[in-house]
1. Taking K and R as +1 and D and E as -1, what net charge do the other residues with C-beta under 10 Å from the C-beta of residue 171 add up to?
2. So, with a 1.4 angstrom probe, what is the percent of accessible area on the chain that is carbon and sulfur?
3. May I ask you to list the chymotrypsin sites (Phe, Trp or Tyr not before Pro) in region 344-435 that are in a DSSP loop and have at most 12 other Cβ atoms within 10 Å of their Cβ?
4. If only Cα atoms are counted, what is the Rg of the chain, and what is its Dmax, in Å?
5. Where both residues lie in the chain, what percent of DSSP beta bridges are antiparallel, nearest 5?
6. Per residue, how large is the accessible surface of the chain? Use a 1.4 angstrom probe and give square angstrom.
7. Using Cα springs under 10 Å in a Gaussian network model of the chain, which residue among 182, 216, 135 shows the largest mean-square fluctuation?
8. Of all trypsin sites (Lys or Arg not before Pro) in region 239-296, which ones are in loop regions per DSSP and have a Cβ with at most 16 other Cβ atoms within 10 Å?
Amino acid sequence: MAGIEIALHHDVSLLDPVIKTPDTPSAVVIPLLQHRGIIAKPIVSVGDRVFKGQVIADSNEPGALPVHASISGRVSSVGPAVHPKEGIHVSIAITSDGQDQWKQGCHVEQTQDDLKSLSSENLIQMSREFGLCDLRSGEITHQKLKEGIESSVDTLILNAAHMEPFVTSDSILIKLKAVEILRGFEWLVRASGASKAYIVFSERDFENQEIISSKLFSLKISNIEIVQSKGQYPYDIESNLLSEVLKKKVPLKTKPEDVGVHFYSLATAFAFYEAVQWRKPLIERVVTVSGVCVVYPQNVWARIGMSYESVFEVCGGLLRYPYRLILGSSMTGTSQTDLQTPVIKNTDAILALPKEDTPFHESESCIRCGDCIPVCPVSINPAMIVEDAMNQQWKKAFKFSPDLCVECGNCTYVCPSKIPMVEWIKETKNQLEAI
């Protein structure tokens, strides 16, 4: 598989291998926009008192999730607010009462007898009740499980090969919560009815692979197999991982469900564990806070709805205002402009980078060097797509298969003209969806 060798900079946020638990935020702003454009409807009003874990919005649309309060306090507003991916969108703001009090019935540990009696239907219902989605892609967990059963998905893959520059939120979970991840994955397998389960690691990530291997041995879990994937960055191209697991060549356009497979992320398995074991709604997640502009880079338990500014304060604040504020990794992340942007469920990292660490800020004309072609892991021609996109010739660009792009950032990384190629390819895909 084509790719590049890059520095991961993981040591920056793992110098102190803990997950920082901040004080209760004074306020949160929780977006109601969900996967595939679904918007939950508020069921609380300004002035209402709410408890942590209480449902504050919901929808009857298929694939919708309830939205839970991440702190206790009073609803201070219901209306437009900044969203990390959609500009301005409807949100619910809550001001803390300082008590951080759980809703009755939430965050209660379940007995072994209770857990043993859970059926697939019970587990799927719990995944909706507690607001679970994939903490990377945003896919709705209960809907994905149902679709997997309907389409006879018989293999689940826990994707531990996802390794991005600066982002260590998955890695720290493995180091500190490996048992919980494995239990959550076991329940996902039980809920799906799958007969085969795998955890895929990049061959570059030997340390975390050893941690999981030792836990599988000590817990006497024999129905989960570890597979090692070879290749350069990006390490988690699904077609490549499918080929490694299924031990046969899988075409790039193959969807995992077409070969009876579903992928889940490590953070999703951990969230599933917390929902089942503790009846805990998805109101917080691990977020990597890193970059040269951060005083103390580390991983943080961030409540859903916390502002980026308040998350940075947990890490000692900023040494200087970042030239580039990024949601996600330096390769695949989305640029942000507002420190009041809230953490959402698939916020895995927030980076604050200075100008000298941002090589893509002054682009020039394409010199037709072709450097972007051999590093593309899906063997498309990024230069031709971008040339047509710059001329707004969207249909012409489609001939070069922009839909196959996995947005890894390799083409932008190697471009000597510093053209933001991934941004142009993303725009091409957006334009083609609108046609």
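The values are calculated or read from the model by the stated rules, or taken from the named source; none is laboratory data. Everything quoted here is computed from the prediction, not taken from an experiment. Here the Cβ positions follow ideal geometry from the backbone for every residue, glycine too, while neighbour counts run over all protein chains shown. For the accessible areas, the whole protein counts, side chains as well, though only heavy atoms, and no ligand, DNA or RNA atoms are used. Shrake-Rupley method; radii C 1.70, N 1.55, O 1.52, S 1.80 Å.
1. Values: positive: 175; negative: 170, 205, 207.
The answer is -2.
2. Exposed carbon and sulfur together represent 49 percent of the surface.
3. When the chymotrypsin sites (Phe, Trp or Tyr not before Pro) of region 344-435 are filtered for loop state and at most 12 Cβ neighbours within 10 Å, nothing remains.
4. Cα only, the chain: 21.5, 66 Å (Rg, Dmax).
5. Values: 39 of 61 bridges.
Percent antiparallel among DSSP bridges in the chain is about 65.
6. Numbers: 19160 Å² over 435 residues.
On a per-residue basis, the chain sits at 44 Å².
7. 216
8. Values: sites: 247, 248, 249, 253, 279, 285; in loops: 247, 248, 249, 253, 279.
Passing sites in region 239-296 are 247, 248, 249, 253.
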